[in-house]
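These notes are about the structure you will find just below.
The values are calculated or read from the model by the stated rules, or taken from the named source; none is laboratory data. These numbers come from a predicted model, not from an experiment. Every residue, glycine as well, gets a Cβ built from its backbone with ideal geometry; the counts of neighbours run over all protein chains shown. Note: areas computed on protein heavy atoms with side chains; ligands, DNA, RNA excluded. Shrake-Rupley method; radii C 1.70, N 1.55, O 1.52, S 1.80 Å.
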Amino acid sequence: MGLLCLQQVTGINAVLFNAADIFSKAGLSDPKLVSFPVSIVQLVGTLIALFLVDKIGRRLLLWTNALGMAVSLIGLGIYFKIYQTTNAISWLSILTSVLFSFFFSLAWGPVPWVVMAEIIPLRARGVGTSLATMICWIMFFVVTKTYVTLESAFGNQGACWFYAAWCFVAFVIVVLFVPETKGKTLEEIEASFHSSE
């Protein structure tokens, strides 16, 4: 449940739902066309994740991409902070949005679901996955609903930096608490939780 909460509070849906607005502020004549590359990058990132998740492990993917997402959001916030004074850096909004979407798709989109399926014991799988999915959708609603409030209170840059801070929180939580499940059977994973009690 924690990973799925973090998946949402990193701000992916706030960035995706407001991509057209972000790109229009960058001075693009048809900002909806630029949303297409973001979608393509997400598809490519997810396909790459299919091959990497069992090769390099869940934890490494999660923490490295949490840092990548944080840096991308900091860059997007910097863009919003200075875009009023110069439009020579409009490329920065596109680059950081695309990178953020790529890093998310490479790990935080698919991997929490993989970890959830591996960690929840078979006897509790139905209830556990239902609760985790419910929490994910509640957080999706909260993040989407509060974006406008965040933006009006702190500006676009403040909202980006708020989500970047959550990416750093995600990094710390993964490093400290998320077990690596790569190469382990479901029985071995369950036994590792019993041995740590």
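Over the range 58-145, what is the relative contact order in percent, taking alpha-carbon pairs closer than 8 angstrom and at least six residues apart?
Values: 50 pairs, mean separation 28.1, N = 88.
Here the relative contact order equals 32 percent.
Within the chain, how many Lys pairs sit with Cα atoms under 25 Å apart, leaving out pairs fewer than 8 places apart on the same chain? Each step should come with its number before you reach the end.
On the way: LYS25/LYS81; LYS25/LYS145; LYS32/LYS81; LYS32/LYS145; LYS55/LYS182; LYS55/LYS184; LYS81/LYS145.
So the count works out to 7.
Rounding to the nearest 20 debye, state how big the charge dipole of the chain is about its Cα centre with +1 on each Lys and Arg Cβ and -1 on each Asp and Glu Cβ. It would help to have the intermediate numbers written out before the result.
On the way: 11 positive and 10 negative charges, 45 e Å.
Approximately 220 debye in magnitude.
For the chain, what % of the accessible area comes from carbon and sulfur atoms, probe 1.4 Å?
The computed percentage sits at 73.
Could the peptides 112-123, 3-14, 56-67 be put in order, highest first, of the mean number of other beta-carbon atoms found within 10 Å of their residues? Can you show the working numbers first?
Working: 112-123: 16.7, 3-14: 22.5, 56-67: 19.7.
Those peptides, ordered most packed to least, come out 3-14, 56-67, 112-123.
Would you mind calculating the relative contact order of the chain from Cα pairs under 8 angstrom and at least 6 residues apart, reporting the percent as a whole number? Provide the component values of the computation, followed by the final result.
Numbers: 230 pairs, mean separation 74.6, N = 197.
38 percent.
Relative to the first principal axis of the alpha-carbon coordinates of the chain, what is the inclination of helix 90-103, with its axis defined by its Cα atoms, in degrees from 0 to 90 and to the nearest 10?
Value to nearest ten degrees: 10.
I'd like the orientation of helix 186-195 relative to the chain: the angle between its Cα long axis and the longest Cα principal axis, in ° from 0 to 90, rounded to 10.
In the chain, helix 186-195 runs at an angle near 80 degrees to the longest axis.
Probe of 1.4 angstrom, ligands and nucleic acids ignored: what's the accessible area per residue over the chain, in square angstrom? Display every interim value, and only then the final one.
Values: 10020 Å² over 197 residues.
Heavy-atom accessible area per residue stands at 51 Å².
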